[in-house]
Protein chains: 4
Amino acid sequence: MTVRVGVIGAGMIGRDHVRRLTDVVTGAEVVAVTDLDAARAGEVAATAGARVVPTAADLIGQSDVDAVLVASWGPTHAEHVLAAVAAGKPVFCEKPLATDAEDCLRIVEAEIAAGRRLVQVGFMRRYDSGYRELKKILDAGEIGAPLMVHCAHRNASVPESYHSGMAAQDTAVHEIDVLRWLLDDEIVGVQVLTPRRTRHAHAALRDPQIMLFETASGIRIDLEVFVNCRYGYDIQCEAVGEKGLARLPEPARAAVRTAGVTRTGVPQDWRERFVTAFDVEFQEWVDAVAVGEPPGPSAWDGYAATVITDATVEALESGRIVSVGMKDRPAFYAGGAR
Amino acid sequence: MTVRVGVIGAGMIGRDHVRRLTDVVTGAEVVAVTDLDAARAGEVAATAGARVVPTAADLIGQSDVDAVLVASWGPTHAEHVLAAVAAGKPVFCEKPLATDAEDCLRIVEAEIAAGRRLVQVGFMRRYDSGYRELKKILDAGEIGAPLMVHCAHRNASVPESYHSGMAAQDTAVHEIDVLRWLLDDEIVGVQVLTPRRTRHAHAALRDPQIMLFETASGIRIDLEVFVNCRYGYDIQCEAVGEKGLARLPEPARAAVRTAGVTRTGVPQDWRERFVTAFDVEFQEWVDAVAVGEPPGPSAWDGYAATVITDATVEALESGRIVSVGMKDRPAFYAGGAR
Amino acid sequence: MTVRVGVIGAGMIGRDHVRRLTDVVTGAEVVAVTDLDAARAGEVAATAGARVVPTAADLIGQSDVDAVLVASWGPTHAEHVLAAVAAGKPVFCEKPLATDAEDCLRIVEAEIAAGRRLVQVGFMRRYDSGYRELKKILDAGEIGAPLMVHCAHRNASVPESYHSGMAAQDTAVHEIDVLRWLLDDEIVGVQVLTPRRTRHAHAALRDPQIMLFETASGIRIDLEVFVNCRYGYDIQCEAVGEKGLARLPEPARAAVRTAGVTRTGVPQDWRERFVTAFDVEFQEWVDAVAVGEPPGPSAWDGYAATVITDATVEALESGRIVSVGMKDRPAFYAGGAR
Amino acid sequence: MTVRVGVIGAGMIGRDHVRRLTDVVTGAEVVAVTDLDAARAGEVAATAGARVVPTAADLIGQSDVDAVLVASWGPTHAEHVLAAVAAGKPVFCEKPLATDAEDCLRIVEAEIAAGRRLVQVGFMRRYDSGYRELKKILDAGEIGAPLMVHCAHRNASVPESYHSGMAAQDTAVHEIDVLRWLLDDEIVGVQVLTPRRTRHAHAALRDPQIMLFETASGIRIDLEVFVNCRYGYDIQCEAVGEKGLARLPEPARAAVRTAGVTRTGVPQDWRERFVTAFDVEFQEWVDAVAVGEPPGPSAWDGYAATVITDATVEALESGRIVSVGMKDRPAFYAGGAR
């Protein structure tokens, strides 16, 4: 069965996912595209042989749209996801699920009311082969009970529009999701340290930041977020447990030995680093919605990410340790299944 | 445009490629399957929603078969490939192109007579991201003119049916193809050294072997073939040039530090090591035949591989240095295009 | 000129340094040994052909003792160092310089009064080839201005006598010294996080701990101290600057590939990891005192280490961020020379 | 007991060993130096507080010379070593033991006649910590019975005076010795391949060369000798056995990540790479001759190295496989002891 997808949002991310659903993923077809900018929608639709639909509501209502992809501007996510859930259609929502925790909760409640999982949030790290190997190692008990995780998330540079809060909302949010999944534990507190600013950040940006998370079971996570590191895109993760440690592999690159040094290349951006993770993420989503419920990051995970990033921004701004005020997890999302 | 593929041969490899064309590659559809064992053909056809066709000739003749995949027993390859070429249909042939150099030449001549490239041979190393990075490094002159290449090809173990000649025909053949491509040079001579046999090889098998190749420009290649190395599947390649060296990356694996050691896993078989290369190989083939000629390993490359492996077997059996008696390369196959 | 050394303290460390001065270092000779336990002193003296002297005061006063090595119980260090300074003799004092900051200051004042450097403190990390390479890289500006340092100090296990404060006093003190030197910066604040305790620590021990230091220039250091990590002795240090990072090398070990994994050994204790650093430390000290002032960690460095470890213990016990209340650095110790 | 050493030869190597015996090694003292160039002898003697002696014969005869170090021009080695043996004095001879196999045999016979080991040859690889770890791994059976060894010996560049035969005599001779020791096996045949010459070698030099050795037990060794590799000094060694492989560690160097690459430095010459091995070699020699017989590379090892390098040069010049015509090993040198 081919999953016919309607796409809301034809910006850079939406366009890339349309290409992915068309050229990379099997079993899917993009049939409709909508965007506030109709010309842009038309252009993207044309690459997939899809039609343009005037509004998101129209798109969700189309009878040949089996599933919805939300790749529009963050503040519009909640409305579109809620509409898709109301229509009983599976919806893949790029992060964030909603920019506001209350809206996330509304989605959670709507999904519970619908009685089955419809929502998946676009946290692609869980589909990276390195993180998956790490999870296998942890789940197998190879390092014993985890006690600490040391992480770094570095970008070569960011545009002027990137503000200090985005270090949590746009950048650390990936670690927040993948660590909750990796550790099968909840983040309950956060503190943010602010080292001396790099001269390569624009004037209003706190960069780098060191985020310190504590989990319910007492695991401590330190995460360096450094978005103007200049040298490339670099993701580090080392989990330390009671009897050993495990480290995320570096991307496989050829070593060249010349002129007195041995050198290997460093990826330059997230597309290069996580392109395969994105492909796997969408293939698994399409395969799952073709036959049942999506198994990936849930609306609850989307809610948790928003609550934790909110707390992280508060910790940054206040300079204090902030408790994460999360609701109790509904039974609906218990276990690995949801 | 969807490329409709007819598959000849429903054994282990055929079945895997049917799955790949169906579940992984976009733009392709398996429409027909044939095999000497009709039951097996039926089983594999069913996984793809394809029909069973009684013979290879029938399959090639079907009007809705746009392209042919030959995955049958090696000695039958030539016949099927020639039939596909005669029918003017693109054909992907698993290695070897033919078990006999004369047959390879017949295919080359038929293709030249057809006036356009129809044949691609299944040498998947050229699609591995590590080899591709190596090629970029060499082509960019980062190590200067290549002088030597040190290689190893190790399998954990082989079945009893694996005989000494297969070290060249089935195993080293991959290095032979990928090195010709990597170096853009031709192999002109070969010698085989036979170290002490491992006790883990069956009695009739010379294992390991060290193959020494010389290219037209004087590059020396040493290739360890060791198919009962026990510990895993391991592919090594290091090119040494006038100003530096470049080394094939190890597969990216998480490091675990526990109980006094740091360890990383080693792939256990070629599927694990080259799964992505196979996927890329078929996607690029499908994309290319949908619009024109296949860009991958040509009939000429298939001929060259057979001539060189024949010389390698002769070198093993005779203990002497053997010159590779290859015809001159037809203009048809000149340059990167063919 | 041979430097004739008198040794105070014939315990494990003293014995090892006597062996080092006798068998490894050139230009030195151990001529006298003292210890509260005369039998132990005799035993150690015999290995070096030295005589036993009844008390530390006697030993320092011997006319053929050119320089003094203090390797006795920590709380006695200050008294012996002060006596050596009073006698105008160079003195190498194992860490800590004194267990109490006031005593350290008294030594600093005595040395300033003496008008020349006599005291060197036993922080051997500065003599490790890896740290020295790191310092060269930082000093050359290869990573730009440092912003963060991520460290780990792991021991396989510790005895029952090791208490929570020793994580700072005995363990982290090495990082505290080497980072002050590496960064040429002062530590001004500290906070300690306490992850969930490992089940492998004895009941009264907070293990692991994460120490967070801030320097005068705003560099942030995170240091994992984990003294029951089980798997070995492991020292990690990664400095991140405005345009790159530099990482302490792993000890060079042979890789073995067998049974599905590639593995390399991890050192099991600090002797194995830093044996060469100790040798270099003593050779350079002997070479220097033979002709002038010792160039290594000074009395001021010893004072700083004690003040910072005191603050770290207070941070651990209070759970608060603690400012390091250090005096202003006297001009006497300004610059690299002192 | 201090070993009083007389040094024959005050060139670059002699001077360096005098410094080593004086400043690095404990338990030794250089008391006399001789050289054809008396001024040079005087200069070097002065650095050690030693006296100049007119001839080698005089030097060997001095009553306060306990042991002799031969670091003169290769062709004079045999004469000096024979004189030292005749005088019953331990003698350390830089490689080669003699430039001629017959002379080596004469030394062997003289030593046997003397009834105890007096001669040690300067093959320092056996004292490198990496090779020692490799030997431990092999001896422990971690990789099973060795079948193949892949080696490379690369220098950044060589002077005009370096001729093709020196690739064996001066360069590969180190691998020849260390592999005989590592494998506890004898080299019985050799073949030399000549890849295309690098443009960076002077006109008369065959560079690189690939030397193929076979041992008595059937192990195959391939050794790339490339003395104008430009990028640095690089020693590689990988032993492959019946159940795994072991690889010589790379020198420990800090990794720097900046400007899109991760890089580590490569040693630039043999002094940098093997300085510690030289130090250990001389310390162990001094320690041993102070109390008994030297345990290091014997006169027999020196003979074997000369016979094998002679065969290698013949193989290079003839292009043929050459059998190594070595005498039977005398019982005197049987076992690890001799």
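Details
- R0 of 56 Å, Cβ-Cβ distance D:R19-B:S318: FRET efficiency to nearest 0.05: 0.50
- Estimated FRET transfer efficiency (B:R199, D:K327; beta-carbon r; R0 45 Å; 0.05): 0.90
- Under a model in which nothing but the beta-carbon of Lys, Arg (+1) and Asp, Glu (-1) is charged, chain D shows a dipole of about 880 debye around its Cα centre.
- Isotropic mean projected area of the C-alpha convex hull, region D:200-315 (nm²): 11.9
- Only alpha carbons enter this Debye calculation for chain B, each as an equal point scatterer, and the log10 of I(q)/I(0) it gives at q = 0.10, 0.15 Å⁻¹ is -0.61, -1.34.
- Globularity index of the protein assembly as shown, i.e. its alpha-carbon radius of gyration over 2.2 N^0.38 Å: 1.04
- Of all beta-carbon atoms in chain B, the one sitting closest to the axis that brings chain B onto chain D gives B:D222, 3, with the distance in whole angstrom.
- Degrees separating the helix D:173-183 axis from the principal Cα axis of chain D, which is the longest one: 80
- In loop segments of region C:80-168 as defined by DSSP, the GluC sites (Glu not before Pro) with at most 16 further C-beta atoms inside 10 Å of their C-beta are C:E160.
- Only Cα pairs under 8 Å and 6+ residues apart enter the sum, and on that basis the relative contact order of region A:211-308 stands at 16 percent.
- Degrees between helix A:101-114 axis and first principal axis of chain A (Cα, 0 to 90, nearest 10): 50
- Fraction of alpha-carbon pairs over 26 Å apart in region D:98-232 - percent: 34
- Check: region D:163-286 dipole with +1 on Lys, Arg Cβ and -1 on Asp, Glu Cβ, in debye: 860
- Proximal lysines to D:K243, defined as alpha-carbon separation beneath 26 angstrom and excluding residues fewer than eight positions away on the same chain: D:K135, D:K136
- Rounded tilt (10° steps) of B:129-139 against the dominant C-alpha axis of chain B: 70
- All alpha carbon pair distances within region D:31-79 were sorted into 10 Å bins beginning at 0; the resulting P(r) in whole percents reads 27, 59, 14.
- Nearest-first distances (nm) between copies at C:A252, label 7 Å from Cα via Cβ: 1.0, 2.8, 2.9
- Net dipole in debye of the protein assembly as shown [+1 Lys, Arg Cβ; -1 Asp, Glu Cβ; about Cα centre; nearest 20]: 0
- The residue among C:V158, C:L118, C:V173 whose Cα reaches farthest toward the positive pole of the charge dipole of region C:110-173, with charges on the beta-carbon of Lys, Arg, Asp and Glu, is C:L118.
- Relative contact order computed over chain C (Cα-Cα under 8 Å; 6+ residues apart), in percent: 19
- Here the scattering of region D:120-167 is modelled by Debye summation over its C-alpha atoms, one equal scatterer each and no solvent; at q = 0.18, 0.21, 0.26, 0.33 Å⁻¹ the log10 of I(q)/I(0) is -0.83, -0.95, -1.08, -1.18.
- Per residue, the convex hull spanned by the Cα atoms of region D:210-255 measures out at 96 cubic angstrom.
- Across the copies of the chain, D:H202 has label points (7 Å from Cα along Cα→Cβ) spaced 5.7, 6.1, 6.9 nm apart, shortest distance listed first.
- Dipole axis of region C:123-268 (+1 Lys, Arg; -1 Asp, Glu on Cβ), positive-most option in C:Q191, C:G144, C:P251: C:P251
- Here the Kirkwood formula puts the hydrodynamic radius of region B:1-89 at 12.5 Å, using every distinct Cα pair.
- Shortest-first nm distances, D:G319 label point to equivalent points in other copies (7 Å, Cα→Cβ): 2.1, 8.1, 8.4
FYI, it's all coordinate maths here, none of it is from the lab. Computed from a predicted structure; not experimentally measured. Note: ideal-geometry Cβ built from the backbone for every residue, glycine included; neighbour counts use all protein chains shown.
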